[in-house]
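Novice: The following block contains the structure, expressed as structure tokens.
The values are calculated or read from the model by the stated rules, or taken from the named source; none is laboratory data. Only a predicted model underlies this, so the values are computations on that prediction, with no experimental measurement involved. Cβ coordinates were reconstructed from backbone atoms using ideal geometry, including for glycine residues, and neighbour counts include every protein chain displayed.
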Amino acid sequence: MRGMSPIVRVIARLMAGMLFLYGGYIVLHGHLTPGGGFAGGVLVAAALVLGSLAFGSVESTERSSYVFSSIFESLGGLGFLGLALAGYMAGNMFFNNVRTFFRGQELALVSGGIIPLANIAIGIKVGAGLFAIFLALGASRFVMKE
Amino acid sequence: MVAFLACVLLMLYGLYVVVTKRNLIKIVIGFSLIEYAVNLFFALAGFRPQALAPIVTSLNQPRNFVDPLPQALVLTAIVIGLSTTALMLALAMRIYEKYKTFDIAEIRRLKG
Amino acid sequence: MDSNFLPLFVAVPLAAAFLTPLVSKFWPKLADVIGNAVGAVLLGLSAYGLLYLVTGTESLVYWVGGWRPVPGLPPLGIAMVYDRLSALVVLVTNIVGFCALLYSVRYLDHFTARWKFYTLFMLILAGMNGLLISGDLFNMFVFLEISAIASYALVAFGTEAEELEAGFKYMVLGEVGGAAILFGIALLYAQASTLNLADLGRQLAGIGQTPLFWFAVGTLLLGFAVKMAMVPFHSWLPDAHPSAPAPVSAFLSGVFIKVAGVYAMSRLVFNVFDLSRATAPVFFDLLVGFGLVSIVAGGLLANAQRDYKRLLAYSSISQIGYVLLGLGIGTEWAVIGALFHVAAHGLAKGLLFLGSGAVEMQAGTRDLDRLSGLETKMPATAWSHVLGSLSLAGVPPFAGFFSKLFIVLGAIQARMYWVAVVAVLFSGVTLAYLTKVTHKAFFRRQGTEPTPAREAPGTMVAAMIVLVVLSVLAGLAFQPLVAGVFRPAAEVLLNGLGYARMVLGG
């Protein structure tokens, strides 16, 4: 699979950017509108998959894409746990909503304590994780060399 | 009530697919059917007649919402189902590499 | 303030599971260090927790996020409840987990990708610990699924053909069970509109035992029966447990089927549904029936096996039958016996599986008809295996003897004399096939030369010796253990809705 025709590449370049943006929008507005980390993460992963399919970065960069997404997945998970533990330090309860982060009026974008940060962490983790699943299932010849 | 019965029917059909079909991929699809049917049932359990979607758009809104808790739980359950399906498909792929077939009647090296 | 360590049971292994893939790209050996450090930390936490509870407190309840229940409203928060029963099973889980991790340091030498093993094992530990301390129904389901998915991947870890096949079949059956559990949870939520276990118990007591209630109970029981390999849903276990790497088999047989199946089921049946032998005798007779069938089927089929680990897997089915029997009989001594058997079997079966892994690694085969004379070559493994078999078969003064004794006492107390006879009889059958295994694997000579092997590496032997010592100690010290640990744990179960009073107060 060496990537697809130039028409597909042009459209994919536009669409992947828009998908990424839309996924980020859903992640960031998770405390106001439906969606949040999971749904936004799936869209981010879709953008990455689209880019990978259209540009055919199979033989050369699959391995590094896999390593890259694995690192991001771990960082996302650790970030989420770190936020949960921050509740320990500030409010003496695990996963407490630390009201010093993102203090703002209700229903504004910047509001809601650690919830937007948790959404971002989950978005990174789910996006990277689903992209890694796609790579593992679709290009396992190159990835499973360890 | 009809919706709940439809979910149960879908679940039973998924179970039928898991039990009777011989292709590994079809078994995975059958399991996905069961999973989605259970999630749908759970989300439907929160329905209240004549109620709104549970999104707060202004602070002084009358709060006549459907039950939001099953929706949050089903979100988690969908993700669990997704990762399960992914693992099953990965196992199926590896089995194909070793056994050269997807037919479950042939994949019977373990006996007893 | 003092219940603050409860989230650590979940947070520590989860953090290790996220950290291990990250750091193993730079220092591959760090995975072993992280894994064993987490095992030690969890063991220390659970020992501290149990001692804390034994010396006075009844339970520790922790509301995640600080969402304490407001009087008058249903509880909004997710509760973590650490009572006498959870403390006991958490300790057993972390003991077996610690020994399995210690054993893996050298056992994984003939696998590639060690860090993947440790990541998955951390996930399974996080799931088990989370399930045990969870006070919320859906939280229990999520942790159950986390550990189940990690176990499917671990069973197929060796990626040989048979292991993949076993992993796939285990996965399909296990996940259908998981879907059944989710369906039962949905039905319960539709009736009671709450997920907190304590509040759910109270709401269901108010609603009463409608047919929909029994349908939900049946569906949940079906799901848990798949997870604990109750006959007739046991067909995955004889394929899955032998195919897994030895420390994973030890953990699955010793802990997973009991926690995911028996603990979850008994927590729901006794504390949430508030069923007891007095109010629902048919249900408990059903449990006794299934327990007996498991004992008989597991015992008879174990006798016919040639493969070392497959025989141990069938034995696990049989011993789970004993635990179900004890719970089904429902008198105080029977429940104490069931809980004691959970601990004794966890330690002993874990030990036996670790020994089988050592034999497989050093002698190269698991076929009982081809091994000979290993006692001279692997004395430590052989003698710890002998002691483990004695404990499992119910020989005094080991732990297994007392657990089966209490179950039989409970059966006599409930006037089920024929049940007691079958239990004692199959204890003899257990002794028979375990002796057969020990004899064929270690003590018999065929031909003049013993199978070439060396003693297992130091950490593996150390892990086995820890389990042997604990089995012997649990048997010798049964009197204070029963009075201080097992009887209060059984009382938590038999108190039914006293659980709700303990969590919510009043």
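Novice: Counting only residues that are part of a helix (DSSP H, G or I) and within 19 Å of C:LEU212 (Cα to Cα), how many does region B:1-38 have?
Specialist: Within region B:1-38, the subset part of a helix (DSSP H, G or I) is B:2-20, B:24-38.
Now drop any that are not within 19 Å of C:LEU212 (Cα to Cα), which leaves B:2-9, B:11-12, B:37-38.
The total comes to 12.
Novice: Report yes if A:SER74 is farther than 30 Å from B:SER58 by Cβ, at pLDDT 85 or above and hydroxyl-bearing (Ser, Thr, Tyr), otherwise no. First the steps, then the outcome.
Specialist: Details: farther than 30 Å from B:SER58 by Cβ: yes; at pLDDT 85 or above: yes; hydroxyl-bearing (Ser, Thr, Tyr): yes.
Against the criterion (farther than 30 Å from B:SER58 by Cβ, at pLDDT 85 or above and hydroxyl-bearing (Ser, Thr, Tyr)), A:SER74 qualifies.
Novice: Right, something else. Select from region C:38-73 the residues that are of a type in the set (Gly, Ala, Ser) and in contact (Cβ under 8 Å) with a residue 12 or more places away in the chain and write down the one among them that is nearest to A:LEU85 (Cα to Cα). Break it down into steps so the answer makes sense when it comes.
Specialist: We begin by selecting, within region C:38-73, every residue of a type in the set (Gly, Ala, Ser); these are C:39-40, C:44, C:46-47, C:49, C:56, C:59, C:65-66, C:72.
Add one more test, that the residue is in contact (Cβ under 8 Å) with a residue 12 or more places away in the chain, and what stays is C:39-40, C:46-47, C:49, C:59, C:65.
Values: C:GLY39: 20, C:ALA40: 21, C:SER46: 20, C:ALA47: 23, C:GLY49: 20, C:SER59: 23, C:GLY65: 11 Å.
For region C:38-73, the residue satisfying everything is C:GLY65.
Novice: Now for a different question. State the number of residues belonging to region C:413-440 that are surrounded by fewer than 19 Cβ atoms within 10 Å (Cβ to Cβ) and not in a helix (DSSP H, G or I).
Specialist: Count: 1.
Novice: Kindly indicate which of C:GLY484, C:GLY505 is out of contact with any Phe, Trp or Tyr (no Cβ under 7 Å at 6 or more places or on another chain) and free of Cβ contacts under 8 Å to residues at least 40 places away in the same chain.
Specialist: Numbers: C:GLY484 fails: free of Cβ contacts under 8 Å to residues at least 40 places away in the same chain.
Of the residues listed, the single one that is out of contact with any Phe, Trp or Tyr (no Cβ under 7 Å at 6 or more places or on another chain) and free of Cβ contacts under 8 Å to residues at least 40 places away in the same chain is C:GLY505.
Novice: A further question on this structure: With respect to C:TRP383, is the statement that it is modelled with pLDDT under 85, in a helix (DSSP H, G or I) and out of contact with any Asp or Glu (no Cβ under 6 Å at 6 or more places or on another chain) true? Full working, then the answer.
Specialist: Numbers: modelled with pLDDT under 85: yes; in a helix (DSSP H, G or I): yes; out of contact with any Asp or Glu (no Cβ under 6 Å at 6 or more places or on another chain): yes.
Against the criterion (modelled with pLDDT under 85, in a helix (DSSP H, G or I) and out of contact with any Asp or Glu (no Cβ under 6 Å at 6 or more places or on another chain)), C:TRP383 qualifies.
Novice: Which one of these is closer than 20 Å to C:ALA166 by Cβ, within 11 Å of chain C (Cβ to nearest Cβ) and among the β-branched types (Val, Ile, Thr): B:ILE27, B:ILE80, B:ILE34? Steps first, please.
Specialist: Details: B:ILE80 fails: closer than 20 Å to C:ALA166 by Cβ; B:ILE34 fails: closer than 20 Å to C:ALA166 by Cβ.
That would be B:ILE27, the only listed residue that is closer than 20 Å to C:ALA166 by Cβ, within 11 Å of chain C (Cβ to nearest Cβ) and among the β-branched types (Val, Ile, Thr).
Novice: Assess whether B:PRO49 counts as being more than 21 Å from B:ILE104 (Cα to Cα) and part of a helix (DSSP H, G or I).
Specialist: On the way: more than 21 Å from B:ILE104 (Cα to Cα): yes; part of a helix (DSSP H, G or I): no.
When the stated conditions are applied, B:PRO49 does not pass them.
Novice: If you don't mind, another one. How many residues are closer than 15 Å to B:ALA92 by Cα and among the hydroxyl-bearing types (Ser, Thr, Tyr) when one looks only at region B:1-43? Full working, then the answer.
Specialist: Step one: filter region B:1-43 for residues closer than 15 Å to B:ALA92 by Cα, giving B:18, B:21-32.
Subset that is among the hydroxyl-bearing types (Ser, Thr, Tyr): B:32.
The qualifying residues number 1.
Novice: If you don't mind, there's one more thing I want to ask. Which condition number does C:THR219 fail, the rest of (1) in contact (Cβ under 8 Å) with a residue 40 or more places away in the chain; (2) farther than 26 Å from C:TYR107 by Cβ being met?
Specialist: (1)
Novice: Being farther than 23 Å from C:ALA313 by Cα, within 23 Å of the chain's Cα centre (by Cα) and part of a helix (DSSP H, G or I) narrows it down to one residue among C:GLY410, C:GLY388, C:GLY400; which is it? Let's see the steps before the verdict.
Specialist: Numbers: C:GLY388 fails: farther than 23 Å from C:ALA313 by Cα; C:GLY400 fails: farther than 23 Å from C:ALA313 by Cα.
Only one candidate qualifies: C:GLY410.
Novice: Just wondering, is there one or more residues in region C:455-477 that are outside any helix (DSSP H, G or I), at pLDDT 80 or above, at negative phi and out of contact with any Pro (no Cβ under 8 Å at 6 or more places or on another chain)? Let's see the steps before the verdict.
Specialist: So the first thing to find is which residues in region C:455-477 are outside any helix (DSSP H, G or I), and the list is C:455-457, C:477.
Those still in the list that are at pLDDT 80 or above too: C:477.
Applying the additional criterion that residues be at negative phi yields C:477.
Retained after the next criterion (residues that are out of contact with any Pro (no Cβ under 8 Å at 6 or more places or on another chain)): C:477.
Yes, the conditions are met somewhere in region C:455-477.
Novice: Could you please let me know if C:SER266 is part of a helix (DSSP H, G or I), under 13 Å from C:VAL231 (Cβ atoms) and not β-branched (Val, Ile, Thr)?
Specialist: no
Novice: Are any residues in region C:75-94 surrounded by 15 or more Cβ atoms within 10 Å (Cβ to Cβ) and assigned to a loop (DSSP other than H, G, I, E, B), and if so, which ones?
Specialist: Keep residues of region C:75-94 that are surrounded by 15 or more Cβ atoms within 10 Å (Cβ to Cβ), which gives C:75, C:77-94.
Listed by number, the residues that qualify are C:PRO75, C:GLY77.
Novice: Right, next: Among the residues of region B:71-101 satisfying the criterion of being more than 25 Å from C:HIS241 (Cβ to Cβ) and either in contact with a Leu (Cβ under 8 Å, 6 or more places away or on another chain) or among the hydrophobic types (A, V, I, L, M, F, W, C) (or both), which is modelled with the lowest pLDDT?
Specialist: B:ALA72
Novice: Can you name every residue in region C:1-58 that is surrounded by fewer than 17 Cβ atoms within 10 Å (Cβ to Cβ) and either on the phi > 0 side of the Ramachandran plot or in a loop (DSSP other than H, G, I, E, B) (or both)?
Specialist: Result: C:MET1, C:LYS25, C:PHE26, C:TRP27, C:PRO28, C:LYS29, C:THR55, C:GLY56, C:THR57, C:GLU58.
Novice: Between residues in region A:19-35 that are part of a helix (DSSP H, G or I) and residues that are among the polar types (S, T, N, Q), which pairs lie under 8 Å by C-beta distance while being six or more apart or on different chains?
Specialist: The qualifying pairs are A:ILE26/A:THR33; A:VAL27/A:ASN119; A:LEU28/A:ASN119.
Novice: If you don't mind, there's one more thing I want to ask. Any idea which residue in region C:189-205 is surrounded by the most Cβ atoms within 10 Å (Cβ to Cβ), counting only those that are facing chain B (nearest Cβ under 10 Å) and of a type in the set (A, V, I, L, M, F, W, C)?
Specialist: C:LEU195
Novice: Which ones in region C:142-185 are over 30 Å from B:ALA72 (Cβ atoms), in a helix (DSSP H, G or I) and within 8 Å of chain B (Cβ to nearest Cβ)?
Specialist: Selection gives C:ALA161, C:GLU162, C:LEU164, C:GLU165, C:ALA166, C:GLY167, C:PHE168.
Novice: Name every residue in region C:211-248 that is under 15 Å from C:LEU324 (Cβ atoms) and of a type in the set (Asp, Glu), in order of residue number.
Specialist: Selection gives nothing.
Novice: Name every residue in region B:53-95 that is in contact (Cβ under 8 Å) with a residue 12 or more places away in the chain and not hydrophobic (A, V, I, L, M, F, W, C), in order of residue number.
Specialist: B:PRO54, B:ASN64, B:ASP67, B:PRO68, B:PRO70, B:GLN71, B:GLY81, B:THR84, B:THR85
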